[in-house]
Structure formats: structure tokens, C-alpha cells
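Presented below is the structure to which this report refers.
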Ligand SMILES: Nc1ncnc2c1ncn2[C@@H]1O[C@H](COP(=O)(O)OP(=O)(O)OP(=O)(O)O)[C@@H](O)[C@H]1O
Ligand SMILES: [Mg+2]
């Protein structure tokens, strides 16, 4: 009997604990009732845009995933995309180098410009576009080749080096910029798949920057990394932002706060708020942004 009482009071204690640590209740109004279609609060526009995006809508079949987003992304800025799972961050990111083209049922509408030119002009060479707008994925995806050949791959395809010594220089510089050179300089011929996860992710970043892109898109680049490897990638983002425009999707609000100049908050396919990162995390303008950053949902 006393054992039963003890276990009951233990259960009660666990329930009390769970209640005490449970996040506050979600806002009562349904989220869509406080979102105005196509309207973003804050500072979505820029005087010096790299990307000019207007009324962007994306559909998968009949389902609309992106709902009338207008946004400028400035030259040399680091902008973080945050928001609950499924709100359209990756879909919107993939519009920027036409990665959605490879999904049959996906249709992109609206005006999307890179340096004032239509990204979706059928005359554009998509391979060339993806060299200008490189992408780093959530899971490192090195080719089953040597470390050297992974980094040399893009420069070879795009004919960026005339001589072996030029290619060697590109490989070395890219690995240095990615903070990986010292760790791999003595084993450039070793298979990339034998590296640690964090090294593979930095290798993929080196591979992306080897073709001198103007923009780097990163979709949760640190989600598979430990804190040390994450810190290396974040240092790298700070360095790269001197010369590149960087757009990073992250589920870590701390990471967004550490690396980005502006933060964009997505919700149910809408772009709800864009502001200076500091403002988003200390004085968000929109009630949905506030609910998200205070942990009420997401
Ligand atoms: N290839 C696809 N085919 C059909 N629907 C898709 C496809 N990719 C995404 N979607 C849908 O589009 C919506 C947005 O998805 P998306 O992957 O862009 O969200 P996300 O914000 O990146 O989420 P997460 O944080 O989980 O990565 C979701 O409803 C998703 O189910
Ligand atoms: Mg995603």
C-alpha cells in the first residue's frame, strides 16, 4: 500500500513538474487571423539589393507553400530565416537558386531578381546560376572522391583553372577559407567520406566557395554538428560575410542571433516579420514572432 502511495505521489510530483516546465499556452487567436496576406512588418526592403523578390508564391500541386512574400536581400548581408517546421523556409530558400526546378510538382510565381535580372528567365543557364548562388545542405554531402577532387570539382566543370598549379591554389585557398586546410593538407588524396561530420560540412562549404559564388544559401548547416564544429562554421560565416551574401535557415535562435544582421520570421508560408536581428529577439513587432521567440510554439 505504502509503495502504491509513494508511486502515486511520485506521479503527481512528475505531473506538477511537467506543468511547471510546460511552455505557456499558445495564443488563443488562430495564427492566420493575425496575418495579412502579402504583408510583412519591419524592414523587408533594402537600398542595395542583391535579390529583389516580389509577391512570390510557391505551389506544390494545388497546395500553396509560399504566400505572397516580398523581400529584398542586401549585398553582403547575412540574413537568417527562422520559423516553425513546415512554414516554408527551405522552399523559399530553394527559389533563390532554382533548386525547386527539380521538383516536378513545384511551381514558382512572382518576380524574383538577382542583381536586377529575372532569375527565372528561360534563357538563364541554371548551372551557371548555381555557381553564382551556391548552396550548403543540412547533411554534409561530399562526393565519393578525394578531399582534393571534391573541392576541385566545380572549378574543373566551370573551367576556372588553366593549369594544375592554378587548380592547386584554388583548392588550397578554399580549404583555408573553410578553416580546414591545416587539418587536411597532408591527406588531400584521402577519401572525403573518411572525414568527421564537422570536417565534411566544412569541406562542402569549401566546395561551394571554390567557384567564387556571390551568394551562399545554407539550409540548417549546423544541425548535424557538435558545438565545436558549429562554432567553426559560425566563425566562417562571419568571415565569408565580408565578401558574400549569406542566407541561413536555422532552428537555433541563438545561432541566428550570433551570425545574422537581419532575421526573417516565417509562419504558415507567410513572411510575418523582418527586422534587425537584435530587434527581432529583444523587441519583436509582430505577436506571432514574439510567441515564437518566447517558446510558445514551434
Ligand atoms: N517536395 C515537396 N512536395 C510537396 N510538398 C512539399 C515539398 N517540400 C515541402 N513541401 C511542403 O511545403 C511546406 C513547406 O515546407 P518546407 O520544407 O519549405 O518547410 P521548412 O520551413 O523548411 O520546415 P523545416 O523547418 O521542417 O525544414 C510544407 O507544408 C511541406 O509539406
Ligand atoms: Mg527546411
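Compute the long axis of helix 164-177 from its Cα atoms, compare it with the longest principal axis of the Cα atoms of the chain, and write down the angle in degrees, 0 to 90, nearest 10. Compared with the principal axis, the helix lies near 20 degrees. Where only DSSP H runs of four or more residues are counted, the chain gives -11000 deg cm²/dmol as its mean residue ellipticity at 222 nm, each run worth -39500 (n - 2.57).
If you take the Cα centroid of region 116-148 and the Cα centroid of region 154-188, the two points sit 18 Å apart.
For region 163-217, a/c is not less than 1.5, where a ≥ b ≥ c are the root eigenvalues of the C-alpha gyration tensor, and a/b does not top b/c. That puts it in the oblate class. From least to most packed, judged by other beta carbons within 10 angstrom and beginning with the fewest, 232, 207, 132 follow the order 132, 232, 207.
Mean separation of Cα pairs under 8 Å and 6+ residues apart, divided by the residue count of region 29-293: what relative contact order is that in percent? It rounds to 28 percent for region 29-293.
Counting neighbouring Cβ atoms within 10 Å and putting the fewest first, the residues 151, 272, 41 line up as 41, 272, 151. Quick one: angle between helix 2-21 and the longest Cα principal axis of the chain, in degrees between 0 and 90, rounded to 10, please. For 2-21 against the chain, the angle is about 60 degrees. Cα gyration tensor of region 145-298, axes a ≥ b ≥ c as square roots of the eigenvalues: rounded (a/c below 1.5), prolate (a/b > b/c) or oblate? The shape class here is prolate.
Cut-off is 10 Å between beta-carbons; in what order do 243, 223, 70, 165 appear when sorted fewest neighbours first?
165, 243, 223, 70
The Cα atoms of the chain give a gyration tensor whose axes a ≥ b ≥ c have a/c of 1.5 or more with a/b no greater than b/c, which makes the shape oblate. Distance from the alpha carbon centroid of region 225-298 to that of region 80-98 works out to 12 angstrom. Axis angle, to the nearest 10 degrees, between helix 147-157 and the longest C-alpha principal axis of the chain: 70 degrees.
Since every read-out is calculated from the coordinates, none of them should be taken as a lab result. Worth saying up front: this structure is predicted, and the values here are computed from it rather than measured. Cβ sites come from the backbone with ideal geometry, for glycine too, and all protein chains shown count toward neighbours.
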